[in-house]
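Peer 1: This is the structure I want to talk about, given as structure tokens.
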């Protein structure tokens, strides 16, 4: 059994897959790649004890560096250290995306806004409103998963393909499916959360019930009760009493969605189908003031809210507006026919009337 | 066998001594200078909250008491008492009442579950803004069940309600169970500290942190006071 330690192994990274991966984000001068570390060889550097290699290295350096103590208190200046990157993958259907294959696309098409380091500090970012997503936080707006959880690969893939309306994020339908999948994998390299956490579980969306004037009326009652109008306004014009004060998680001003803008093709930030609207308010738009309502709206009630929200898109030709037009444009008062709810839990008193 | 007995006896002796000689650190937090004037809060846009307050409400960035007492300062053992990983079992709550957070600062242990209650007649969205822990944002209409959450990393986390922009508070997540929040007289108390050398840290949301070293030698109460310099703006 060989009990000796060869110090050359400490410096030789050629066989280390992680070291190879560290070379990957090669953005100009700011990144120091491991190529700069040449393999070193110590003649006869063998020891007869199994002391940890880092300790041996420290002893050797201390012995041959007499000025080291004088520099101990000095800060470690120099270029920003390289990112410790682990290659990431994405899985969208039968497509597997590889972060290693997305570097050139990211540099050419994404880094200008999202930054070389994914920290939303690209050269264009200062001019953008709303600001680009900061991938280092791993907080994403458009998810099928609950608030606070990581989105699925499909969520990110769809965001790239769809773009984000009312922002500077365009539709990237010029990319192939494989390119998009590779980019999904690539943006995962910027946050360690992707290495320690799994994506959240997508919420279950029941089949959409029929659109009726009653479902629209119930949706209106929910819009009122849940106080969506505080931000989105009584007519969905994004002008509620709290609208002017809203800021995102980085304290940048942000506007609530104006449902009335656009024509027949008006889109929401996270999609244009009824299922997309359902997901938006149930999972919330993380990083923005829009909270998750998953804990407070029952699944079928949520569909009623979707139907009402569609009627706020006054220029859209859809089944909801047809139903409303058939009712002469008047939403009747909602009559709650369900039994009275159970008493509130003991540790959360029903709302009182004041002090 | 004899060795086992000796080890057992030593362990028992150590345990007993640590229980018998549990010291306490107590003291007061005060300020010098003139604190910034706290801005009045206009709750007229939320009448259900406004009517709960008979006296004018101001921001709570700096809350003071008599004799220059400073409230809402978290005093905790930042070193010397290794975290044993024991999460305190007592229930802690963060209540939204009168469109204010009660308490304004909620200290807690890492992984300790806490409940968020809405005692108002209006909807709130509870939106903590952590940098280290995971960010989430949940709506809580009146009468809905408590939101139960916990954080797994130590951090000072600002909390806000986007619907009511004047609502600001803090979650203070600590890796120790030895902490207290200064009260109206600026007083705090950290009991059950076994003999040892400790570093106390006092944190205030606007005035920053201060530290003090304390040695507990037995069943005694040591007094440690912190004085922050008030910011005029």
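The values are calculated or read from the model by the stated rules, or taken from the named source; none is laboratory data. Just so it is clear, the model here is predicted, and its values are computed rather than measured. Here the Cβ is made from the backbone with ideal geometry for all residues, glycine too, and neighbour counts use every protein chain on show.
Peer 1: With the condition kept exactly as written, say whether any residue in segment B:105-114 is facing chain A (nearest Cβ under 9 Å), out of contact with any helix residue (DSSP H, G or I) (no Cβ under 7 Å at 6 or more places or on another chain), within 29 Å of residue B:75 (Cα to Cα) and surrounded by fewer than 22 Cβ atoms within 10 Å (Cβ to Cβ).
Peer 2: Within segment B:105-114 (the criterion being facing chain A (nearest Cβ under 9 Å), out of contact with any helix residue (DSSP H, G or I) (no Cβ under 7 Å at 6 or more places or on another chain), within 29 Å of residue B:75 (Cα to Cα) and surrounded by fewer than 22 Cβ atoms within 10 Å (Cβ to Cβ)), the answer is no, since none of the residues qualifies.
Peer 1: Additional query: For a quick check of your reading of the model, give me the residue pairs whose first member lies in segment A:225-244 and is at the interface with another protein chain (Cβ under 9 Å from one of its Cβ atoms) and free of Cβ contacts under 8 Å to residues at least 12 places away in the same chain, whose second is part of a loop (DSSP other than H, G, I, E, B) and surrounded by fewer than 21 Cβ atoms within 10 Å (Cβ to Cβ), with beta-carbon atoms closer than 6 Å and at least 6 apart or on different chains.
Peer 2: Qualifying pairs under 6 Å: A:241/B:45.
Peer 1: Mind listing whichever residues of segment B:115-125 are within 20 Å of residue A:228 (Cα to Cα) and facing chain A (nearest Cβ under 8 Å)?
Peer 2: B:117, B:118, B:119, B:120, B:121, B:122, B:123, B:125, listed by residue number.
Per-residue answers, yes or no, for (1) over 22 Å from residue A:283 (Cβ atoms); (2) surrounded by 21 or more Cβ atoms within 10 Å (Cβ to Cβ); (3) out of contact with any helix residue (DSSP H, G or I) (no Cβ under 8 Å at 6 or more places or on another chain); (4) assigned by TED's automatic domain parsing to the domain that holds residue A:268:
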position	(1), (2), (3), (4)
A:129	yes, no, yes, no
A:152	no, yes, yes, no
A:161	no, no, no, no
A:168	yes, no, no, no
A:176	yes, no, yes, no
A:186	yes, yes, no, no
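Peer 1: In addition: Is it the case that some residue within segment B:156-169 is more than 14 Å from chain A (Cβ to nearest Cβ), surrounded by 21 or more Cβ atoms within 10 Å (Cβ to Cβ) and either over 30 Å from residue B:47 (Cβ atoms) or under 16 Å from the mean Cα position of the chain (by Cα) (or both)?
Peer 2: Scanning segment B:156-169 turns up at least one residue that is more than 14 Å from chain A (Cβ to nearest Cβ), surrounded by 21 or more Cβ atoms within 10 Å (Cβ to Cβ) and either over 30 Å from residue B:47 (Cβ atoms) or under 16 Å from the mean Cα position of the chain (by Cα) (or both).
Peer 1: Then there is this: Of the residues B:196, B:208, only one is loosely packed, with under 15 Cβ neighbours inside 10 Å, at positive phi and not assigned by TED's automatic domain parsing to the domain that holds residue B:107; which?
Peer 2: Sole residue among the options that is loosely packed, with under 15 Cβ neighbours inside 10 Å, at positive phi and not assigned by TED's automatic domain parsing to the domain that holds residue B:107: B:208.
Peer 1: From the list B:222, B:183, exactly one residue is out of contact with any strand residue (DSSP E or B) (no Cβ under 7 Å at 6 or more places or on another chain) and away from chain A (no Cβ under 14 Å). Which is it?
Peer 2: After applying the criteria, what remains is B:183.
Peer 1: Report whether or not residue B:80 is surrounded by fewer than 21 Cβ atoms within 10 Å (Cβ to Cβ) and touching a strand residue (DSSP E or B) at 6+ places or on another chain (Cβ under 8 Å).
Peer 2: Yes, satisfied.
Peer 1: Tell me which residues, restricted to segment B:132-151, are under 20 Å from residue A:287 (Cβ atoms), in a loop (DSSP other than H, G, I, E, B) and more than 8 Å from chain A (Cβ to nearest Cβ).
Peer 2: B:132, B:133, B:151
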